[in-house]
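Report on one structure; see the data block that follows.
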Amino acid sequence: MNKNISQTLEFMKAALKEANKAAKRNEVPVGAVLTDQSGKILSKNGNRVREMKDPTAHAELLVLRESSKLLNSDKLINCSIYTTLEPCAMCAMAISLARIKNLFYGAFDQKKGAVDNGPKIYASNSCQHKPNVFSGFYEKESEELLKIFFQDKR
């Protein structure tokens with residue numbers, strides 16, 4: 001297997017693990033991992049909206065914040081983010097503002113997604129930085145985790 005594909009799958013598995021942890025905390029099960037250009041994991045986290053009582057505590061924003069502090073920079077150039085769900089508009093724009101090089105995600109989100117669905121943030125002329133986007137990694141596993149979580153809520 002290609003080293004890049006193997007590494008991508010490894011990081012997506014780590015994001016799924018974070019999503020599972022989020023579900024156990026009664027959070028919407030979304031996980032994210034952020035790596036530097038050498039493939040070193042800088043941060044990983046899952047949604048913490050309820051725990052932190054913060055509507056912006058999405059997994060993607062948490063790893064962006066943690067990595068920015070670690071690197072002492074508001075720009076995360078040449079970094080990659082791996083998330084289990086297509087980012088919402090808030091997260092997609094934050095990924096752009098951080099100058100993330102690559103975005104990998106699992107499941108498409110037809111309701112709140114903003115990359116390949118909805119407002120398609122990176123297709124907008126007002127979006128100055130557009131990361132490389134790769135989708136469908138562990139899509140079924142990510143969807144199943146969300147499906148089970150929301151079934152239990154009904």
(Q) Is there a quick way to get the dipole size of segment 1-146? I mean about its Cα centre, with the Cβ of Lys and Arg at +1 and of Asp and Glu at -1; what is the value in debye to the nearest 20? (A) 300 debye
Q: Determine the relative contact order of the chain: mean sequence separation of Cα pairs under 8 Å and six or more apart, normalised by residue count, in whole percent.
A: 19 percent
**Q.** Local electrostatic count at residue 68 - Lys and Arg +1, Asp and Glu -1, tallied over other residues with Cβ under 10 Å
**A.** +1
Q.
Given the whole protein assembly as supplied and a 1.4 Å probe, what does the accessible area of residue 108 come to in Å², nearest 10?
A. 80 Å²
Q: Choose one answer from 34, 42, 103: the residue with the largest mean-square fluctuation in a GNM of the chain with alpha-carbon springs under 10 Å.
A: 42
Q: Given the options 123, 92, 114, state which has the largest fluctuation in a GNM of the chain using a 10 Å cut-off (strictly under) for Cα springs.
A: 123
Q: Indicate, rounded to the nearest 5 percent, the antiparallel portion of the DSSP beta bridges found entirely in the chain.
A: 50 percent
(Q) If I build a Gaussian network model for the chain, linking alpha-carbon pairs within less than 10 angstrom, which residue out of 101, 13, 53 has the largest mean-square fluctuation? (A) 53
Q | Residue among 41, 89, 138 farthest towards the positive dipole end of the chain, charges placed on Cβ | A | 41
Q: Pop out the carbon and sulfur fraction of the accessible area of segment 43-123 as a percent, whole number, probe 1.4 Å.
A: 54 percent
Q: Pull up the cross-link candidates among the lysines for residue 24, meaning alpha carbon to alpha carbon under 26 Å and not fewer than 8 places away within one chain.
A: 13, 44, 53, 111, 112, 140, 147, 153
(Q) Averaging the inverse of every distinct alpha carbon separation and then flipping it gives the Kirkwood radius. What is it for segment 1-80, in angstrom units? (A) 12.9 Å
Q: Classify the chain as rounded, prolate or oblate from the Cα gyration tensor: take a ≥ b ≥ c as the square roots of its eigenvalues, call it rounded if a/c is under 1.5, otherwise prolate when a/b beats b/c and oblate if not.
A: rounded
Q | Under 15 Å, Cβ to Cβ, from residue 47 - net charge with Lys/Arg +1 and Asp/Glu -1 | A | +3
Q | Amide hydrogen neighbours beyond the local backbone of residue 30, cut-off 5 Å, H modeled | A | 47
Q.
Accessible area per residue for segment 1-124 in Å², computed with a 1.4 Å probe and the full protein assembly in place, what is it?
A. 49 Å²
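The values are calculated or read from the model by the stated rules, or taken from the named source; none is laboratory data. In this text the structure is predicted, and so the values were computed from the model without any measurement. Cβ: placed from backbone, ideal geometry, glycine included. Neighbour counts: every protein chain shown. Side chains are part of the model used for accessible areas, which takes the heavy atoms of the whole protein and leaves out ligands, DNA and RNA. Shrake-Rupley method; radii C 1.70, N 1.55, O 1.52, S 1.80 Å.
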